[in-house]
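Here the structure is laid out as structure tokens; the discussion comes afterwards.
Taken together, the values in this text are just the output of simple stated rules run on the coordinates, not laboratory data. These figures come from a predicted structure and were not determined experimentally. Cβ atoms come from the backbone with ideal geometry, glycine included; neighbour counts cover every protein chain shown.
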Amino acid sequence: MAQTIIDTANHIAGYAAKAARVKVIAAYPITPQTTIVEKIAEFVENGEMDSEYIRVESEHSAMVACIGAAAAGVRTFTATSAHGLALMHEALHWASGSRLPIVMAVVNRAMGAPWSIWPDFSDSLSQRDTGWIQFYCADNQEVFDTIIQAYKLCEDERVYLPAMICLEGFILSHTYMPVKIPDQNEIDDFLPPYKAGWILDVNRPFSHSNLVSPEWYMEFRYMIQEAMENAKRLIQQIDKEYGKRFGFEYGGLVEKYKCEDADLILLTMGTMGSEAKIAVNNLRKEGLKVGSARIRVYRPFPVEEMRRLAEQAKMFATIDRHISFGMEGFLATEVKASLAGEKEPPLVAGFIAGLGGRDVTSETIVKIAKKSLKWMKIGKVEKETEWVDLRD
Amino acid sequence: MSSIHKTRKEMPLTPLSYPTVGSMGKTGSWRTFRPEIDYSKCTRCTICWIYCPDAAITRQEDDSPEIDYEYCKGCGICANECPVKAITMHREEE
């Protein structure tokens with residue numbers, strides 16, 4: 001029977017791994033992720049989960065253990081944050097290159113130095129080019145739903161890629177919210193057991209992902225690119241199907257809010273998308289035509305959706321909880337790249353906000369919107385990258 | 001691999017390599033030093049057979065080792081590991 005529970009996003013991620021009937025969990029603790037693998041350890045210990053729980057000596061080993069388990073044909077899960085994710089970097093390429101549909105929760109935390117335990121997206125966005133699908137969640141319910149959806153997506157034969165489910169540390173990870181957990185039979189019906197694209201077999205031994213000569217390597221890369229394109233289409237289908245069955249839908253790749261007639265569209269990721277909706281409502285009370293588009297899937301990037309939004313809007317404001325040093329926020333770059341070549345593209349203003357866990361409230365976003373509207377009126381972005389609330 | 005697949009559509013998701021004899025050709029030609037077994041000293045302990053990284057030593061029915069010179073690259077690991085010094089390395093031209 002479906003039930004509503006009140007718990008933190010980290011515990012909810014644990015409930016999702018249980019609901020997905022994950023068979024192998026490889027775990028190494030790191031703040032603010034730790035309570036995910038603690039919750040799962042509890043489930044395995046008390047018999048609620050019939051899984052192997054492998055305690056490893058590092059995040060690199062955690063990912064490699066998941067690769068081994070997935071290659072043996074079972075559903076796998078792990079979770080990490082910040083420096084743990086950075087340590088996994090090499091193994092992330094092995095997971096995607098071997099086409100293993102591992103699902104991992106990444107509880108976003110700013111990178112050191114200097115040390116921080118608070119959220120921004122610099123950890124997961126640094127893994128942009130590893131061939132992992134990247135989802136960003138706005139609330140605890142979405143964390144649960146996206147983990148279930150991700151297994152369905154990643155295990156599809158047209159995809160066979162791993163995925164990160166990103167959620168901001170503390171803002172979500174340690175915050176209690178009510179979450180509806182569907183009936184287990186209905187989840188089982190939605191998410192059938194994992195069928196591997198290839199599987200290790202002791203009776204017919206082979207090694208995988210071996211040395212490939214220059215005449216074949218490019219083709220393997222191209223197949224990953226094709227899988228990403230397939231994922232773009234499937235994410236939307238799976239989101240719709242999930243919505244029909246369980247009542248929660250997130251707009252597929254981009255969650256759009258009051259964009260239909262908007263002059264200005266606020267582009268965000270993660271929890272900033274929730275604040276942006278409040279900001280939109282407040283701005284609309286003043287008669288300002290503002291909409292919000294939360295990029296839910298960063299890889300594959302929703303290029304076509306950006307172009308569709310650009311048909312209506314005169315101005316885009318990207319709010320990045322991230323900085324690519326020496327350039328700008330990644331979201332700003334990707335949005336501009338998506339629009340290049342369009343006939344009359346909207347102006348794009350880039351804002352850097354919320355690094356290292358600084359709050360990005362609806363008030364902050366209203367300020368960003370008003371500055372953007374000013375630039376829209378004069379037809380010129382006066383400052384290409386604006387750091388919000390920076391101390392002078 | 002190029003001998004198996006002609007187009008991208010026939011390719012697997014990731015390269016899968018099954019064990020095969022001599023996919024790189026007769027690697028014995030790479031050898032500079034040649035291991036030779038003195039069977040009067042050999043105790044049939046099979047350590048050389050276990051350590052050979054190229055599986056170029058086969059184990060006979062009485063456990064005596066036999067070196068396959070078509071594939072032995074002459075790395076010398078067997079000679080190094082042999083506890084009774086029954087294997088010695090000799091320069092090929094000698």
For region A:13-102, state which GluC sites (Glu not before Pro) are in a DSSP loop and have at most 12 other beta carbons lying within 10 Å of their beta carbon.
A:Glu48, A:Glu57
Counting other Cβ atoms within 10 Å, which trypsin sites (Lys or Arg not before Pro) in chain B have at most 14 and lie in a DSSP loop?
B:Lys6, B:Lys26, B:Lys41, B:Arg44, B:Lys85
Partner chain Cβ atoms within 10 Å, averaged over the residues of B:5-16 - can you pull that number for me?
6
What nm distance separates the two modelled labels at A:Leu288 and A:Arg245, each placed 7 Å from Cα along Cα→Cβ?
4.2
For n ≥ 4 DSSP H runs only, could you compute -39500 (n - 2.57) per run for the protein assembly as shown, divide by its residues and tell me the 222 nm figure to the nearest 500?
-11000 deg cm²/dmol
Over region A:105-168: Rg over Rh, Cα atoms, Kirkwood Rh
1.03
Among A:Asn281, A:Asn203, A:Asn108, the residue with the largest mean-square fluctuation in a Gaussian network model of chain A built from Cα contacts under 10 Å is A:Asn203
Calculated log₁₀ intensity ratio I(q)/I(0) where the Debye formula runs over C-alpha points of the protein assembly as shown, q = 0.12 Å⁻¹
-1.04
So what is Rg over Rh here for region B:24-91, counting just Cα atoms and using Kirkwood for Rh?
0.94
Net +/- balance of residues flanking B:Ala56 in space, Cβ distance below 9 Å, scoring K and R +1, D and E -1:
-2
Which residue, A:Tyr176, A:Tyr194, A:Tyr217, tops the fluctuation ranking in a GNM of chain A built on C-alpha contacts under 10 Å?
A:Tyr217
Please list the three semi-axes, largest first and in whole Å, of the ellipsoid equivalent to region A:3-246, using sqrt of 5 times the eigenvalues of its alpha carbon gyration tensor.
26, 21, 18
Per-residue average of other protein chain Cβ atoms inside 10 Å, peptide A:93-99 -> 2
Given springs between every Cα pair under 10 Å in a Gaussian network model of chain A, which of A:Lys256, A:Lys285, A:Lys39 has the largest fluctuation?
A:Lys285
Pull out a ≥ b ≥ c, the square roots of the eigenvalues of the alpha-carbon gyration tensor of region A:195-250, then state rounded if a/c is under 1.5, prolate if not and a/b is larger than b/c, and oblate in the remaining case.
oblate
